Amino acid sequence: MQPLLNVENLVKRYDGKRLVALQDELSALDGVSFSLFPATTLAVVGESGSGKSTLALCLACLEPPTAGCIWLEGKNLVALGEAERRKVRPQIQLIFQDPANSLNPRWNVLEILTEPLRLQGKFNSEGIERRASCLLEQVGLSMHIATRSPAELSGGQRQRLAIARALAPGPKLLILDEALSALDCSVQAQIANLLMELQTSLGMTYLFITHDLAMGVHIADEIAVMHQGRIVELGPAEKIVTSPHHEMTRQLLAATPSIAQATRLAREP
Ligand SMILES: Nc1ncnc2c1ncn2[C@@H]1O[C@H](COP(=O)(O)OP(=O)(O)O)[C@@H](O)[C@H]1O
Ligand SMILES: [Mg+2]
């Protein structure tokens, strides 16, 4: 099977205007390479500042990488012209930790959902409404909340709405940047389950960014551990847990008591 996404040697340096240039300044991304196959989930796990959000922004074409290639189904997004890139961009959707920043507070649920559908120009107004109601149903929300504003929703409902809106343009890849991190544990579990259901029903591919290794292991097929702008370990989730190679992976494991305990129990005779 061909990968959906192939990232090669991605480098990102933020050029701040500094009075004194720091010679050995770290790159936010320093030669990141990986492949992501259709209908699978790669969790990107790492401590704060390791470059996870920078990776998300580069993949979603919201930050230009300094060097490297991002192949989406054989097209190098980095080399595309602006017009071409604009056409490809809806195929990669990004969901952030706090949807309050990405959902227009002055619009109601229906307006938020119908805007990307209108932009596509594929549906008449009746079709748009039908598609919006179908999207709400897919994420476990009902049309009863159609006239509410984002502020009138619970955190879980808001994140479900953000997922529905991200699905509206029919993307191939969803990038979730700490998308569950601000939610209560039980709501996290519900939305993680929703994401896995959507993967089965729609064949969705996820890049799931989290600082929470346990959540990464729960939701992902493969885990990439990031440290100082590099992927220091990449492999199947269960292998990362049972035989970690890199010191950073061991540190993350040690800081995740539920996994540390489970692997200890599994090793005991
Ligand atoms: N807009 C920016 N300008 C300058 N430096 C940035 C910017 N965004 C992130 N960085 C730096 O890049 C590094 C990686 O940050 P980030 O990608 O946000 O990591 P993470 O999401 O893993 O916490 C950090 O050292 C951060 O300070
Ligand atoms: Mg981040």
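Any chance region 135-151 includes a residue that's modelled with pLDDT under 95 and among the basic types (K, R)? No - not one qualifying residue is present in region 135-151. Across region 58-84, what is the number of residues that are buried (at least 18 other Cβ atoms within 10 Å of the Cβ), over 28 Å from S201 (Cβ atoms) and within 14 Å of ligand 1 (Cβ to nearest atom)? Residues in region 58-84 being buried (at least 18 other Cβ atoms within 10 Å of the Cβ), over 28 Å from S201 (Cβ atoms) and within 14 Å of ligand 1 (Cβ to nearest atom): 2 in total. A Cβ distance below 7 Å, combined with a sequence gap of six or more or placement on separate chains, defines the contacts here; from region 91-118, residues that are without any contact (Cβ under 8 Å) to a residue 40 or more places away in the chain reach residues that are loosely packed, with under 15 Cβ neighbours inside 10 Å in the pairs L110/T147.
Mind checking whether some residue in region 47-64 is at pLDDT 95 or above and part of a strand (DSSP E or B)? No, every residue in region 47-64 fails to be at pLDDT 95 or above and part of a strand (DSSP E or B).
Taking the criterion of being within 16 Å of ligand 1 (Cβ to nearest atom) and in a loop (DSSP other than H, G, I, E, B), the residues of region 169-202 that qualify are E178, A179, L180, S181, A182. Answer yes or no as to whether R160 is at pLDDT 95 or above, farther than 25 Å from Q91 by Cα and either away from ligand 1 (no atom under 16 Å from the Cβ) or crowded, with 18+ Cβ neighbours inside 10 Å (or both). No, not satisfied. Filter region 125-168 down to the residues that are part of a helix (DSSP H, G or I) and among the hydroxyl-bearing types (S, T, Y), then identify the one that is farthest from Q190 (Cα to Cα). The qualifying residue farthest from Q190 (Cα to Cα) is S125. Hey, any hits in region 143-151 for a residue that's surrounded by 16 or more Cβ atoms within 10 Å (Cβ to Cβ), under 15 Å from the mean Cα position of the chain (by Cα) and in contact (Cβ under 8 Å) with a residue 40 or more places away in the chain? Checked region 143-151: no residue is surrounded by 16 or more Cβ atoms within 10 Å (Cβ to Cβ), under 15 Å from the mean Cα position of the chain (by Cα) and in contact (Cβ under 8 Å) with a residue 40 or more places away in the chain. Within region 32-45, take every residue that is over 14 Å from the mean Cα position of the chain (by Cα) and under 18 Å from T249 (Cβ atoms) and give me the one that is nearest to ligand 2 (Cβ to nearest atom). Going through the qualifying residues, I end up with V32. Within region 49-74, residues that are of a type in the set (D, E) sit with their Cβ atoms under 9 Å from residues that are within 16 Å of ligand 2 (Cβ to nearest atom) and in a strand (DSSP E or B), at 6+ positions apart or across chains, in these pairs: E63/K12. Flag set for D177, criterion: under 19 Å from G216 (Cβ atoms) and surrounded by 15 or more Cβ atoms within 10 Å (Cβ to Cβ). For L195, the conditions (1) closer than 27 Å to V11 by Cα; (2) of a type outside the set (S, T, Y); (3) in contact with a Leu (Cβ under 8 Å, 6 or more places away or on another chain) all hold with the exception of (1). How many residues does region 75-110 hold that are part of a strand (DSSP E or B) and closer than 25 Å to S142 by Cα? Here the count works out to 3. Of everything in region 217-233, what is hydrophobic (A, V, I, L, M, F, W, C) and surrounded by fewer than 19 Cβ atoms within 10 Å (Cβ to Cβ)? Give them in sequence order. V232, the sole residue that qualifies.
Condition check ((1) hydroxyl-bearing (S, T, Y); (2) out of contact with any His (no Cβ under 9 Å at 6 or more places or on another chain); (3) closer than 26 Å to E111 by Cα) across all residues:
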site	(1), (2), (3)
L161	no, yes, yes
L173	no, yes, yes
V187	no, yes, yes
Q199	no, yes, yes
A224	no, yes, no
G229	no, yes, no
V232	no, no, no
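The values are calculated or read from the model by the stated rules, or taken from the named source; none is laboratory data. Predicted model, so just to flag it, every value in this text is computed and none were measured. Every residue, glycine among them, receives a Cβ derived from its backbone with ideal geometry; neighbour counts consider all protein chains shown.
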